[in-house]
Each structure stands twice: as structure tokens, then as C-alpha cells.
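The values are calculated or read from the model by the stated rules, or taken from the named source; none is laboratory data. The model shown is predicted, which means the values in this text are computed figures rather than measured ones. Heads up, the Cβs are rebuilt from the backbone with ideal geometry, glycines too, and the neighbour counts pull from every protein chain shown.
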């Protein structure tokens, strides 16, 4: 029964299918162009964008530089903290106190040699 209906409307169905294929061809082409454009845009953003790979490498390099700088500043701070503690009321280093007094006042004994 289905075969007889197809045979009777074969001419109409053939033209309709041809028009449908043509419209799908244009639609399919447009969909392909849109998909390629979206893939290109997201690929570009993944590499060049604000959160892309190139910025990730820049951020990691900056992090390494800042980590090195932090290590240096921490070392300087600990040395200054140690000197401050050695001159504090709780613990008094007489040699350091003598060195600081001589440096500030510019006093030396006659038998001393200054090496800088």
C-alpha cells in the first residue's frame, strides 16, 4: 500500500525532496561556516585571550621572579630582625653595640686598624 502511494506522488515527492536537499545544502553550509568560525574564535581565545596560554606563561614567569624577590627580601628582613633583637633590652650583644657606637660616633683607638 505504501508503494502505491509513493508511485502516485512520485513526481511531487521528487521535486519536494530536491528542494529540501538544496535548502539543506545551504543550511548545512551555513552551519559549517558558523561552527568553523566558533572553533576559530575559541581557539584564538584559548591561546591569546586574557586567560589564554600565552598569558599563563607570562604569569608563571612573573610568579617565579616575585618568588625570588620574596626570598631576598625575607633574608634581608631576618638579618635586620636579628640585629634589632641583638640590640634590644632583652638581649644585648656588647660587640654589636660597640661596633654601632664606633660607626656612629666615628671613634677608634690608636692601636686599631679599620678595614672596610
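Can you list residue pairs whose Cβ atoms sit under 8 Å apart, with the first residue in region 70-90 being in the same structural domain as residue 100 (by TED's automatic domain parsing) and closer than 18 Å to residue 100 by Cα and the second being modelled with pLDDT of 85 or more and exposed (fewer than 10 other Cβ atoms within 10 Å of the Cβ)? Count only pairs 6 or more apart in sequence or on different chains. Nothing qualifies. Selection of region 28-50 for residues being touching a helix residue (DSSP H, G or I) at 6+ places or on another chain (Cβ under 8 Å) and assigned to a helix (DSSP H, G or I) yields 46, 47, 48. Residue count for region 96-116 under the criterion of being out of contact with any helix residue (DSSP H, G or I) (no Cβ under 6 Å at 6 or more places or on another chain), surrounded by 10 or more Cβ atoms within 10 Å (Cβ to Cβ) and either at pLDDT 80 or above or part of a helix (DSSP H, G or I) (or both): the result is 6. Only residues that are under 39 Å from the mean Cα position of the chain (by Cα) and surrounded by 10 or more Cβ atoms within 10 Å (Cβ to Cβ) were counted in region 79-95, giving 5.
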